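Peer 1: Here it is: the structure, laid out below.
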Amino acid sequence: MTGTIVIAATPTPNGDLHVGHMAGPYLAGDIHARYLRAAGHPVTYATCTDDSQSYMISTAAKHGTTPAELCATSTARIQRSVEAMGISLAPMPPIDDAYRQAVLDFVTPLYEQGRFELRTVRMPYAANAGTYLFDGLVKGECPACLTESCGGSCEGCGHPNHFDDLGDPRSVLDPADPVTSREVTVLVLPIENYRQELTAYYAARENTWRQHSRQLIREILARPLPEIPITVPSPGWGIDAPFAETPGQILYPWIEAMPASIYSTWKADGEPEGPVDQAWRAESGNSLVYFHGFDNVYFWGMVDLVMLLAHGDRYLTPDANVCNEFYELENEKFSTSRNHLIRGADLVAEVPRDLVRFYLALTCPEDQRANFTREGLDKVTAQRLRDPWNALADRIEALVTDPGEELKVTDAGRRRAAVIARRFQACYDLTSFSLTRAADGIITQLARLLTTERAEPGDLLMEVRTFLACAAPILIDVTAEAEARGVELTLDTGAETIDAFLLPRLPGSVRSDRSTR
Ligand SMILES: [Zn+2]
C-alpha cells in the first residue's frame, strides 16, 4: 500500500465509547479516511485498545472486577459502538502475545542502541498497599495549572507530569492510604536529546496544528523537556520490561502507542508478508495522520514522536495531529461514573445514523469546548438538514420525468459544481480540516440548491451530484442509497451531460416524527 495511515487515539477499554468520544477523534478520522478513499487514495484507518493503562486497574477496582474482565467486556462494547456509528475503522486486533511481541520488537532495539538512560527518581508510594503510584493510580496538584490531575498529563491544561511532579499526591485506589515518596531506578528517554529534531518538525507542520495544541507545544518547548519513563515499577498489570537493570518493572503504558499503532496497521492491512512495521517505514512512501484529544497532545504529539525519532530515520512521522477539545452533554461533562452520557449505539437506535453524524460534525469541539443537547440534535437536524433535503428531493422529483435520461450541462453548471467541490475539499484537507465547516457547508448548499432557479435541469443535477459526493463522508447512508440507485458520487465536474436521477429522502428521528404527528 502506498497511501495514508490514519490512526485514532487508542481507546482505554475501561468502558464503552460514548458520544463525546465519537465527536472527538473517531468520527473525524472516519470522515477524513472516507474523503481520501473517495478520491481513490488507499487508506488504512486503524487503532486498538490500550489495555496496559493503569486506568484499567482503578476502574476495575471500582467495579469490583479484574482488569482482564473489564478489558474483555469493554472491548466488545467499543467495537459495537464504532460499528453502530459507521466509523470505518478496521476491526481492532486482539491484545495478545503477538501484540506484546510487536511492542518488544519496537522497544528493545532502542534499549540495545543505548537510547534509554538509567535514572534514580522519586515516585509517590502508597505505604499500606506497598505500591508505587503513576498515571491513573495517583491524583494530585498539577504543577502547571494547580488543578487536580492524574499522573502522566493533566486533563485540564495538557501539561506533562512524571514521577514526583504532582503536589500532594493521593492514591486513587485508597485515598486513605498514606502516600510517601520513594526512590526507584527506572529507564528513561530524555526528550531533551531530541529538541533540535522536535523544533524542526513542529516548525514544518505549524499550519496543521490547531491553535490551542500549538500553544501547549510551545509552552512545553519553552522549558527543560521532560524525561519519558520507559519502565515503571509493576502495579501487577502491563507488559513486563525485559531489561536486566529494571527487574519487577513494566513498560510505561504510554510508550506502547506507537508499536500498537504499527501492529494495528499491519493487522488492518491483512498481515502482509515481511516485517510488521513495513507500512510505517520511512521509505514506504506512505503518509501518516493522527486524530486525538487535546489532553493527549503531550503523549501523541511529543512522546510518541520522540519514540519514532529515537529509531533514527527508520519511521514515518505524522503529517498532522488533528486534536479535539472536550465535548459536553447538556452543559455538563460526560461522566461514565455518574452515568451522564449517551452511547452512540443507543442514539442511532432512535435517530437515523446520518442525522447523528451530521449533528456531531456540526457541533464537535474543534477549537473549544462544545455542547451536545438532544433537543438541539432533534431541532437542528429536522430544520436544517432533513426538511430542506427532502424538499430538494421533491424539487428534483418534479423536474425529472425520466430518471436515467441524459441531460445537458452548461459551463455555468460545471463552474458552480467545481466551486462546491473546492469549498468542501478545503474542509477535509489536513491544513484546514474542519467538520463543523463541512457540516455548515451542507446546510448552506442545501438552502441554496433548494431556491436557485436553473435554466437547465442538468445544471441543477450536476450541482446536486457534486454536493452528494461532498456530503458523502458525513452522510454515509443516504449517499450510499443514491449510489446504489446509480448516482455516480464523483467530484469530476467536467462532464458535458449528466444522467437524470432522483434524490433519496432522509428519514427523521423516532422522537421528532412522533412530536410532529
Ligand atoms: Zn494542569
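The values are calculated or read from the model by the stated rules, or taken from the named source; none is laboratory data. In this text, all values refer to a predicted model and were calculated from it rather than measured experimentally. With ideal geometry, Cβ positions are generated from the backbone for all residues, glycine too; neighbour counts draw on all protein chains shown. Each accessible area value is taken on the protein alone, full model and side chains, heavy atoms only, with ligands, DNA and RNA left out. Shrake-Rupley method; radii C 1.70, N 1.55, O 1.52, S 1.80 Å.
Peer 1: All but one of (1) crowded, with 22+ Cβ neighbours inside 10 Å; (2) within 16 Å of the ligand (Cβ to nearest atom) hold for Tyr125; which doesn't?
Peer 2: (2)
Peer 1: Which condition does Ile217 not pass, out of (1) part of a helix (DSSP H, G or I); (2) open to solvent by 20 Å² or more (accessible area, probe 1.4 Å), if it passes all the others?
Peer 2: Ile217 satisfies every listed condition except (2).
Peer 1: Would you call Leu468 outside any helix (DSSP H, G or I), under 27 Å from the mean Cα position of the chain (by Cα) and not polar (S, T, N, Q)? Spell out how you get there, then give the answer.
Peer 2: Values: outside any helix (DSSP H, G or I): no; under 27 Å from the mean Cα position of the chain (by Cα): yes; not polar (S, T, N, Q): yes.
Spelling it out, it is not the case that Leu468 is outside any helix (DSSP H, G or I), under 27 Å from the mean Cα position of the chain (by Cα) and not polar (S, T, N, Q).
Peer 1: May I pose another question? Just checking, how many residues over segment 448-463 are touching a helix residue (DSSP H, G or I) at 6+ places or on another chain (Cβ under 6 Å) and under 14 Å from Arg416 (Cα atoms)? Write out each step before concluding.
Peer 2: Taking segment 448-463 as the starting set, the residues that turn out to be touching a helix residue (DSSP H, G or I) at 6+ places or on another chain (Cβ under 6 Å) are 449-450, 454, 457, 459, 462-463.
Applying the additional criterion that residues be under 14 Å from Arg416 (Cα atoms) yields 449, 454, 457, 459, 462-463.
Of the residues in that region, 6 qualify.
Peer 1: Still on this structure, please answer the following. Considering only residues that are within 21 Å of Tyr194 (Cα to Cα) and polar (S, T, N, Q), which ones fall in segment 269-320?
Peer 2: Asn296, Thr317 - these are the residues of segment 269-320 that are within 21 Å of Tyr194 (Cα to Cα) and polar (S, T, N, Q).
Peer 1: When the residues of segment 339-368 are narrowed to those that are under 18 Å from Gly508 (Cβ atoms) and assigned to a loop (DSSP other than H, G, I, E, B), which ends up least open to solvent (accessible area, probe 1.4 Å)?
Peer 2: Val351
Peer 1: While we're looking at this one, here's another question. Looking at Thr431, is it among the polar types (S, T, N, Q), closer than 23 Å to Leu460 by Cβ and surrounded by fewer than 15 Cβ atoms within 10 Å (Cβ to Cβ)? Spell out how you get there, then give the answer.
Peer 2: Working: among the polar types (S, T, N, Q): yes; closer than 23 Å to Leu460 by Cβ: no; surrounded by fewer than 15 Cβ atoms within 10 Å (Cβ to Cβ): yes.
In short, no.
Peer 1: Please determine whether any residue of segment 298-320 is open to solvent by 10 Å² or more (accessible area, probe 1.4 Å) and within 30 Å of Ser58 (Cα to Cα). Steps first, please.
Peer 2: Of all residues in segment 298-320, those open to solvent by 10 Å² or more (accessible area, probe 1.4 Å) come to 309, 311-317, 319.
From the residues that got through so far, the ones that are within 30 Å of Ser58 (Cα to Cα) too are none.
No, because not a single residue in segment 298-320 is open to solvent by 10 Å² or more (accessible area, probe 1.4 Å) and within 30 Å of Ser58 (Cα to Cα).
Peer 1: Looking only at segment 49-68, decide whether some residue is more than 26 Å from Phe334 (Cα to Cα) and either outside the structural domain of Lys139 (by the TED database) or of a type in the set (Val, Ile, Thr) (or both).
Peer 2: Step one: list which residues in segment 49-68 are more than 26 Å from Phe334 (Cα to Cα), which gives none.
Looking through segment 49-68, none of the residues is more than 26 Å from Phe334 (Cα to Cα) and either outside the structural domain of Lys139 (by the TED database) or of a type in the set (Val, Ile, Thr) (or both).
Peer 1: Let me ask something else. Take the residues in segment 325-338 that are open to solvent by 20 Å² or more (accessible area, probe 1.4 Å) and polar (S, T, N, Q); name whichever of them is farthest from Leu27 (Cα to Cα).
Peer 2: Keep residues of segment 325-338 that are open to solvent by 20 Å² or more (accessible area, probe 1.4 Å), which gives 325-326, 328, 330-334, 336-338.
Remaining after also requiring polar (S, T, N, Q): 331, 336-337.
On the way: Asn331: 21, Thr336: 20, Ser337: 24 Å.
Step by step, filter segment 325-338, then rank; the result is Ser337.
Peer 1: Report, by residue number, each residue of segment 435-469 that is closer than 18 Å to Thr381 by Cα and open to solvent by less than 10 Å² (accessible area, probe 1.4 Å). Even if it seems obvious, please write down each step before you answer.
Peer 2: Filtering segment 435-469 down to residues closer than 18 Å to Thr381 by Cα leaves 435-450, 467-468.
Of everything in segment 435-469, those that are closer than 18 Å to Thr381 by Cα and open to solvent by less than 10 Å² (accessible area, probe 1.4 Å) turn out to be Leu435, Ala438, Ala439, Ile442, Leu446, Leu449, Phe467, Leu468.
Peer 1: Something else: Does segment 285-307 contain at least one residue that is among the aromatic types (Phe, Trp, Tyr), touching a Ser or Thr at 6+ places or on another chain (Cβ under 6 Å) and more than 19 Å from Gly29 (Cβ to Cβ)?
Peer 2: There is at least one residue in segment 285-307 that is among the aromatic types (Phe, Trp, Tyr), touching a Ser or Thr at 6+ places or on another chain (Cβ under 6 Å) and more than 19 Å from Gly29 (Cβ to Cβ).
Peer 1: Here's another thing I want to ask about it. Output the residues belonging to segment 474-502 that are part of a helix (DSSP H, G or I) and open to solvent by 30 Å² or more (accessible area, probe 1.4 Å). Even if it seems obvious, please write down each step before you answer.
Peer 2: Here is the first cut: in segment 474-502, the ones part of a helix (DSSP H, G or I) are 476-484.
If the condition is that a residue be part of a helix (DSSP H, G or I) and open to solvent by 30 Å² or more (accessible area, probe 1.4 Å), then Asp477, Ala480, Glu481, Glu483, Ala484 are the ones that fit.
Yes/no matrix, rows are residues, columns are (1) under 16 Å from Asn321 (Cβ atoms); (2) within 10 Å of the chain's Cα centre (by Cα); (3) surrounded by fewer than 21 Cβ atoms within 10 Å (Cβ to Cβ); (4) of a type outside the set (Lys, Arg):
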position: Gly3; (1), (2), (3), (4): no, no, yes, yes
position: Ile7; (1), (2), (3), (4): yes, yes, no, yes
position: Thr10; (1), (2), (3), (4): yes, yes, no, yes
position: Gly20; (1), (2), (3), (4): no, no, no, yes
position: Pro25; (1), (2), (3), (4): yes, yes, no, yes
position: Ala28; (1), (2), (3), (4): yes, yes, no, yes
position: His32; (1), (2), (3), (4): yes, no, no, yes
position: Ala39; (1), (2), (3), (4): no, no, yes, yes
position: Pro42; (1), (2), (3), (4): no, no, yes, yes
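Peer 1: Also, quick follow-up: Specify the residue that is most open to solvent (accessible area, probe 1.4 Å); the eligible residues are those in segment 275-296 that are more than 15 Å from Cys323 (Cα to Cα) and in a strand (DSSP E or B).
Peer 2: Arg281
Peer 1: Just need a number here: residues in segment 169-185 that are assigned to a strand (DSSP E or B) and under 18 Å from Ser153 (Cβ atoms). Steps first, please.
Peer 2: If we filter segment 169-185 for residues that are assigned to a strand (DSSP E or B), which is where we start, we get 169-171, 179-185.
Then keep just the ones that are under 18 Å from Ser153 (Cβ atoms); that gives 169-170.
Summing the residues that are assigned to a strand (DSSP E or B) and under 18 Å from Ser153 (Cβ atoms) in segment 169-185 gives 2.
Peer 1: Yes or no: Phe134 in contact with a helix residue (DSSP H, G or I) (Cβ under 8 Å, 6 or more places away or on another chain) and either more than 16 Å from the ligand (Cβ to nearest atom) or not assigned by the TED database to the domain that holds Gln249 (or both)?
Peer 2: Criteria not met by Phe134.
Peer 1: Kindly indicate the residue of segment 155-183 that is within 16 Å of Trp254 (Cβ to Cβ) and in contact with a helix residue (DSSP H, G or I) (Cβ under 8 Å, 6 or more places away or on another chain) and also nearest to the ligand (Cβ to nearest atom) among those meeting that condition.
Peer 2: His159
Peer 1: Being within 16 Å of the ligand (Cβ to nearest atom) and open to solvent by less than 20 Å² (accessible area, probe 1.4 Å), is that true of even one residue in segment 139-148?
Peer 2: Of segment 139-148, the ones within 16 Å of the ligand (Cβ to nearest atom) are 139-148.
Going one step further and asking which of them are open to solvent by less than 20 Å² (accessible area, probe 1.4 Å), we end up with 140, 142.
Yes: segment 139-148 contains one or more residues that are within 16 Å of the ligand (Cβ to nearest atom) and open to solvent by less than 20 Å² (accessible area, probe 1.4 Å).
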